[in-house]
Amino acid sequence: MKIALCSSFVPFVDGGGRFIVEWLQRKLIEHGHEVERIYLPFVDHPQDMFAQMVAYRLIDLTESCDRLIAFRPPSYMLRHPCKILWFIHHFRLYYDLWDTEYRPVPDSVAGRAIRDTVFAADTATLSEARHIFTNSRTVSDRLRHFNGIDSEVLYPPLQDADRFRSDGYGDEIVCVSRVEHHKRQHLLIEALRHTRTPVKLRLCGMSCSPPTYSEELKALASRLGLDGRVIFEQRWISEEEKVERLASALAAAYVPFDEDSYGYPSLEGSHARKAILTTTDSGGVTELVVDSVNGYVCAPHPQALGEAMDRLFLDRSRASMMGEAAYQRVLDLGITWDKVVQKLLA
């Protein structure tokens, strides 16, 4: 079968939105299919986005492939009679983040008109798909709430997950993630101030925007007297380095605000058999993490997170048991590429 994998991208920005496409391409080829990966640039500035959406809509791939699988918005606006979606998120600033500090335009007549137009265009083109899969219940719930569209959850696996391992449980809580305000690394630093143990925090990753937030994090750690306990690796660490950081970690942390899915940091930590530290408002992460079973789901407050860090540090046996439960949770949810390929090509 000739399959086109189509998604949008922001130039020079890596992350889960690209990984899901690239890893699926590899698995489909392994299953004997001919696969073309198509990325089209998209930047969601209000003054530019509608012209870009029209450009997507003008592209018809009917004669180019047997099946089109679309991912990140607005790739689902491309035309094809056999269009399948593995939908990973909306234009969130106009949807679930509208009533937050991240709203891109004023909540005015003009701003709401922009939002209504996004809703209408999305609903019309999403409805063309033969089947819609999502990466989490959280995203499925948003589709039903905002667009009145049903979907099926299909959790994305990791590539080569067997490379992760555990070498024991050290003294570092490890967070490997883009460094952005909505990923809330500041919560983890603030939590460290409330700990009674010498537990440490390692933050790995870069910002895709101007490095203001990264600088704020360093200033925060210094102001709180935590310079020796917060380790900053302000770069994209290699996959090999990631395996090593997680192998000796006490636990993995991922505390975003209302994330679309469980997030690769949570899944990577689970494959490394580490307890996952997250928050009740982290969105899809709570679909993977069961409080006090395979991690801690804390109130999004520094003190609560700090108490959980201390519990992990003081009881390594418990941390080990929760880490094994984290790996078992992945198995119980059936997060495999064979399942993904079977579902997308059914």
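Here region 2-154 is treated with +1 on each Lys and Arg Cβ and -1 on each Asp and Glu Cβ, and its dipole about the Cα centre works out to around 160 debye. Net charge dipole, the chain: roughly 180 debye, given to the nearest 20, about the Cα centre with Cβ charges of +1 for Lys and Arg and -1 for Asp and Glu.
Of the residues Pro73, Tyr95, His186, the one whose Cα sits farthest towards the positive end of the charge dipole of the chain is His186 (charges of +1 on Lys and Arg Cβ, -1 on Asp and Glu Cβ, taken about the Cα centre).
How high is the FRET efficiency from Thr197 to Ser64, r the C-beta distance, R0 56 Å, rounded to 0.05? The pair Thr197/Ser64 has a calculated efficiency of 0.45. A dipole drawn for region 161-332 from +1 and -1 charges on Cβ atoms has a positive end, and of Ala247, Ala325, His271 the residue lying farthest that way is Ala247. Rounded to whole numbers, the Karplus 3J(HN,Hα) couplings from phi for region 154-160 are 9, 5, x, x, 8, 7, 6 Hz, using 6.51 cos²θ - 1.76 cosθ + 1.60 with θ = phi - 60°, and x at Gly and Pro. Modelled spin-label separation between Asp150 and Ala110, with each label point placed 7 Å from Cα along the Cα-to-Cβ direction: 4.2 nm. Apply the a/c threshold of 1.5 to the C-alpha gyration tensor of region 161-332 and tell me whether it is rounded, prolate or oblate. Here region 161-332 falls in the rounded category.
Annotation for region 152-183 versus region 187-204: alpha-carbon center distance of 18 Å. Give me the log10 of I(q) over I(0) for region 2-154 at q = 0.16 Å⁻¹, as the Debye formula computes it from C-alpha points; what are the numbers? The Debye formula, applied to the Cα set alone, gives -0.89. Placing unit charges on the Cβ atoms of the charged side chains and taking the dipole of the chain about its Cα centre, the candidate lying farthest along the positive direction among Val290, Pro104, Ser166 is Ser166. To the nearest 20 debye, what is the magnitude of the charge dipole of region 161-332 about its Cα centre, counting +1 on the Cβ of each Lys and Arg and -1 on the Cβ of each Asp and Glu? Rounded to the nearest 20 debye, it is 460 debye. By the rule of a C-alpha distance below 18 Å, with chain neighbours fewer than 8 residues away ignored, the lysines paired with Lys27 are Lys2, Lys339, Lys343. How many percent of Cα pairs in region 69-165 exceed 21 Å? When every Cα pair of region 69-165 is considered, 39 percent fall beyond 21 Å.
Could you sort the peptides 256-263, 142-149 by per-residue average Cβ neighbour count (10 Å cutoff), highest mean leading?
Result, highest mean first: 256-263, 142-149.
Whole Å is fine, so just give me how far the alpha carbon centre of region 281-323 lies from that of region 28-75. With region 281-323 and region 28-75 each reduced to a Cα centre, they are spaced 38 Å. Take the Cα of Val54, step 7 Å toward its Cβ, do the same at Ser317, and the gap between the two points is 6.8 nm.
Just report the Cα centroid separation between region 227-260 and region 101-136, whole Å. First find each Cα centre; the distance between them is then 33 Å.
Laboratory data are not the source of any read-out in this text; all were calculated from the coordinates shown. Everything quoted here is computed from the prediction, not taken from an experiment. Cβ: placed from backbone, ideal geometry, glycine included. Neighbour counts: every protein chain shown.
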